[in-house]
Amino acid sequence: MSEPRYQFNISVQVRYLPDQSEPSAAQYAFAYTVTIVNTGKVAAQLISRHWTIRDEQDEVVEVKGLGVVGQQPFLKTGEKFEYTSGSRIATPIGTMEGSYFFVAEDGHRFDQPIAAFTLAVPRTLH
């Protein structure tokens, strides 16, 4: 677990994209909006991301890359950064989880976990 000096609050809102989905071809599209807030005591820059995306058939896709939506935001204490991206899975329900890798302005390097969240077509979960 990160020290409180190096802490980010990460929240995610998901929405199903019916106009970009094709259930007959096992393609379900979702948009997710991520809000990242520096709740720690030290400014830090988001360097890279790592996502694990899993569908109901337990198919797993890992996504790794620099930054988010082409940016590597530098966040001072209390600052927030928000972005929207998307994912496609082959089933109506799936999950995503992951982490962001940060470098603090004092040189400390750390991963901030992103708790699992659900990708679900409306009215498919009970």
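The values are calculated or read from the model by the stated rules, or taken from the named source; none is laboratory data. Quick caveat: nothing in here was measured; it's all calculated off a predicted structure. Neighbour counts are summed over all protein chains in view; Cβ atoms, including those assigned to glycine, are modelled from backbone coordinates with ideal geometry.
Can you pull out the strands (runs of 3 or more DSSP E) entirely within segment 62-122 that have at least 1 residues that are surrounded by fewer than 14 Cβ atoms within 10 Å (Cβ to Cβ) and either among the β-branched types (Val, Ile, Thr) or touching a helix residue (DSSP H, G or I) at 6+ places or on another chain (Cβ under 6 Å) (or both)?
Answer list for segment 62-122: 80-89, 109-120.
What are the pairs with Cβ atoms under 8 angstrom where one residue, in segment 105-126, is modelled with pLDDT under 95 and the other, located anywhere, is among the hydroxyl-bearing types (Ser, Thr, Tyr)? Sequence gap at least six, or different chains.
Cβ pairs passing all conditions: Pro122/Tyr16; Leu125/Thr118.
Residue by residue through segment 67-88, note down the ones that are under 19 Å from Leu17 (Cα atoms) and among the aromatic types (Phe, Trp, Tyr).
Tyr83
Examine segment 19-27 for a residue that is within 18 Å of Ala116 (Cα to Cα), in contact with a strand residue (DSSP E or B) (Cβ under 8 Å, 6 or more places away or on another chain) and exposed (fewer than 14 other Cβ atoms within 10 Å of the Cβ), and state whether such a residue exists. First the steps, then the outcome.
First, the residues of segment 19-27 that are within 18 Å of Ala116 (Cα to Cα): none.
Among the residues of segment 19-27, not one is within 18 Å of Ala116 (Cα to Cα), in contact with a strand residue (DSSP E or B) (Cβ under 8 Å, 6 or more places away or on another chain) and exposed (fewer than 14 other Cβ atoms within 10 Å of the Cβ), which makes the answer no.
Going through segment 1-24 one residue at a time, which ones are out of contact with any Ser or Thr (no Cβ under 9 Å at 6 or more places or on another chain), small (Gly, Ala, Ser) and either in a strand (DSSP E or B) or within 12 Å of Arg88 (Cα to Cα) (or both)?
Ser21
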